[in-house]
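Accompanying notes for the structure given below.
Laboratory data are not the source of any read-out in this text; all were calculated from the coordinates shown. Small disclaimer: the values here were computed from a predicted structure and weren't measured. Reconstructed Cβ throughout: ideal geometry from the backbone, glycine too, with neighbour counts over all protein chains shown.
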Amino acid sequence: MEETFLIITEIIGTIAFAISGIRLAAAKSFDWFGAYTVGLVTAIGGGTVRDLLLGATPFWMVNGWYLGVTGLALVIVILLKRYLVKLNKTFFVFDTIGLALFVVIGIQKTLEYGFPMWTAIVMGTITGALGGVLRDILINEEPLVFRKDVYATACIAGGIVYWGILLGGGSSVLQQSTCAASVIIIRLLAAKYNWSIPILRDYADDNK
Amino acid sequence: MEETFLIITEIIGTIAFAISGIRLAAAKSFDWFGAYTVGLVTAIGGGTVRDLLLGATPFWMVNGWYLGVTGLALVIVILLKRYLVKLNKTFFVFDTIGLALFVVIGIQKTLEYGFPMWTAIVMGTITGALGGVLRDILINEEPLVFRKDVYATACIAGGIVYWGILLGGGSSVLQQSTCAASVIIIRLLAAKYNWSIPILRDYADDNK
Amino acid sequence: MEETFLIITEIIGTIAFAISGIRLAAAKSFDWFGAYTVGLVTAIGGGTVRDLLLGATPFWMVNGWYLGVTGLALVIVILLKRYLVKLNKTFFVFDTIGLALFVVIGIQKTLEYGFPMWTAIVMGTITGALGGVLRDILINEEPLVFRKDVYATACIAGGIVYWGILLGGGSSVLQQSTCAASVIIIRLLAAKYNWSIPILRDYADDNK
C-alpha cells in the first residue's frame, strides 16, 4: 500500500521532471531524440550524479521504467502540446511533489551509505535540483535554479527539517514525511508570495 | 590479425573524433591547450562517462596512447589545416567507422559487467555520442546531436540489431559486425538522403 | 607544524578558488544560492572529478570544512565587495598558491592509487584546472582556461618537474615542493611577461 503510493509518486515526479526538460528542448527546436535526452537527463540526472558520488550503481541502470516513463512524457508533449500551457499549474504541483520525494530518496540513500547528515542534505539537494542544472547546460542556458525562485533552498530546508526530527528522536516515517511536506510547503508558499533569494550584486557595481 | 584490425580502427576513430573537436575549438579561437583538451574530451568523453556509470576504471587512465593519438590529431590540424576542408568526406567516413566501433565496445563492456541488454544499448549510444555533447558544452554551443542528422539514432538502431542477433542465437562476432555495419549504413544513408529526426515544435507555437 | 602549514594553504587556496567563482556568478546576477554553488564547484569540482575517475570517495563528502569555507568566501564577497577589486593582486597570488597545492595533491593521490606518472600529471591538472572549467560551464561562458593565459600549462609543467625529481631520486618532499614552486613561478612569470599559448587559427581562415 505505502509501497504503491511511493511508486506512483515517483512516476508522477519523473514524468513532471521529464516534461519540463522536453518542453524547454522544444523551445530550442531540438529533435525528438534531443528532447527525449534532455527530458531524461532532467529526470534522472540528479540521482545519477548522487549515485556516482556515493559509489553506487546509478539507479536507472537496473530498472528500465525510467527510460519508459520518459518516453511517455515525450508522447504526452507531442500529442498534447497545445493543451500543456493550460496545465502549467498542475505540472507545477506534480513537479513539486516529485522534488520533495527526490530529496527524501537522496537523503535516505546517503545515510544508508554511512555518510553524515550534512552530506545527506547536500545529496538530497543534488538529487532534487541538479537534473534541472544539467538540463539548462544541455540547452545552453544559465541554470534557472541559480537565478530564480526558491527551489534548491526548499530542498536544503527540507533536509534541515529531516535532521531536526532525527535529532528529536522522531521515527523514520516522520522524518521523511515532514521533510517532504516542508519542501512542498516552502515551494508553494514561495510561489504564492514571490519569495526569492537575494541577488548577489556585481562586485563592480559600486565602482560605476 | 583481427586484433590488429581493431586497434587500427580504434586509432582511426579516435583521431577522427579528436579532429572534430579540435576543429570546432579552432573556430572558437581556443589556444593549443584548449583545442587539445576539447579534442581529447570528444574522443574519450563518451567512454569515460560509460566507465564511471559502470563502476570501471576509465579506459584511458591505464593506456597512454589515447593522449598520444590526440596529440597527433592536434599536429595534423595545425600542419594541414588548409587542406582539411577538402578532406571533409574522408573525415566523415572515419568518424562513422569510429562511431560504429565505439558503439560495439560500449555494448560489449556493459554486457561483460552483467547489465541487461537495454542498458548496454544506452551505454553504446553514450560511448558513441556523448563525447560530441561534451565537446559542444565546452565550446558553449547547443549540442549538434540534438538538432541535426541521424547520429545517436544510428547508435540506438545498431544496438537493437545487436540485440536481435543475440536473441536469434548469432555468434558474438556476428552480433558485433552486424551492429557496426548497421551504424555505418544507417549513418551513410542518412547523410546521402538527408534523413533527419522530426523536430519537436515549441509547445507555444500553436498559441501564436 | 608542516601539517598546519598545509591546512592553512589549502584553506587559502579553497577560499581563493571559491571567491573567483562567486565573483563571476555575481557578474551574472545569480542569487546567493547560485553564487555559493558556483563558488563551491570552482573550489571542489576539480578534486571531485579526480576522485570519481580514481574510484575514490570525493574528499569533501567526509570533511565538512570545504562547504564551510565556501560559505565564508560568500560572506567575504557580500561584505567586502567594494574593496575586492583593489585586492585583485592578492587574490591572484592566493589563487596561484592554491593551484600549486591542488596539483601536488592530485598527483600524490593518483600515485597512491597505483596509476602511472603520466596519469598522475593529468589528474594534477584536472585537480587544479577543471574547477574553473566547470565554473565557466555553469555561468554559460566559454572556459577561460582554453583561451587565456598560462594556467593548465603551468600545472602540466609542474607535473613534469615532479616526474623529473622522482626519476632523479629526489625525496618525496623535494618532488612536491619543486612541483609546487614550478607551478607558482611559471604562472607568476607568465602573468608578468604576458606569456600565452598559441591560438589555433580557424581551419577555414586560409580559405577566406
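Any idea what the relative contact order of region A:1-58 is, in percent, if you count C-alpha pairs under 8 Å spaced at least 6 apart? Write down the numbers at each step before the final one.
On the way: 36 pairs, mean separation 17.8, N = 58.
Taking the mean separation of contacting Cα pairs over the length of region A:1-58, I get 31 percent.
If you take all other residues with their beta carbon under 15 Å from the beta carbon of C:Leu111, and give Lys and Arg +1 and Asp and Glu -1, the sum is 0.
Mean residue ellipticity at 222 nm, helices only, chain A: -25500 deg cm²/dmol; runs of at least 4 DSSP H residues each add -39,500 (n - 2.57), and the sum is divided by the number of residues. The string of couplings for region B:158-170 from the Karplus curve (6.51, -1.76, 1.60, θ = phi - 60°) is x, x, 5, 4, 3, 4, x, 5, 4, 5, x, x, x Hz, one whole number per residue in order, with x for Gly and Pro.
May I ask for the net charge around C:Gly124, where only other residues with Cβ less than 10 Å from the Cβ of C:Gly124 are counted and Lys, Arg are +1 while Asp, Glu are -1?
+2
Sequence-distant contacts, meaning Cα pairs under 8 Å at least 6 residues apart, place the relative contact order of region A:1-128 at 32 percent. With a threshold of 25 Å on the Cα-Cα distance, the over-threshold entries among B:Lys28/B:Lys148; C:Lys28/C:Lys89; C:Lys109/C:Lys148; A:Lys148/B:Lys28; C:Lys86/C:Lys192 are C:Lys109/C:Lys148; A:Lys148/B:Lys28. Legend: mean number of C-beta atoms from other chains within 10 angstrom of residue C-beta atoms, peptide A:19-28, equals 3. Near the amide H of B:Asp31, within less than 5 Å, lie the amide hydrogens of C:Arg147, C:Leu200, all on another chain or at least 5 residues away, with H placed in the peptide plane.
Extension gain for the segment B:Thr57 to B:Leu87, taken as residue separation times 0.36 nm less the Cα-Cα distance, is 7.3 nm to one decimal.
List the relative contact order of region B:111-208 as a percent without decimals, with contacts defined as Cα pairs under 8 Å and 6+ residues apart.
26 percent
Near C:Leu101, once Lys and Arg are set to +1 and Asp and Glu to -1 for all other residues with Cβ below 15 Å from its Cβ, the sum equals -1. Region B:153-167 and region A:18-33 have Cα centres lying 25 Å from one another. With semi-axes defined as the square roots of five times the eigenvalues of the C-alpha gyration tensor, the equivalent ellipsoid of chain C measures 26, 23, 17 Å, largest first. A simple spin-label model places the labels of B:Trp118 and B:Glu141 3.4 nm from each other, with each point 7 Å out along Cα-to-Cβ.
Taking A:Leu80, A:Leu188, A:Leu24 in turn, the Gaussian network model of chain A (Cα-Cα springs below 10 Å) assigns the largest fluctuation to A:Leu80. The mean number of Cβ atoms from other chains found within 10 Å of a Cβ in peptide A:136-144 is 5, as a whole number.
Only the Cβ atoms of Lys and Arg (+1) and of Asp and Glu (-1) were treated as charged; on that basis the dipole of the protein assembly as shown about its Cα centre amounts to roughly 1500 debye. Residue by residue along C:56-69, Cβ atoms of other protein chains within 10 Å of the local Cβ number 3 on average.
Residue by residue, region A:39-46 carries 3J(HN,Hα) couplings of x, 5, 4, 4, 6, 10, x, x Hz when phi is fed to the Karplus relation 6.51 cos²θ - 1.76 cosθ + 1.60 (θ = phi - 60°); x denotes Gly or Pro.
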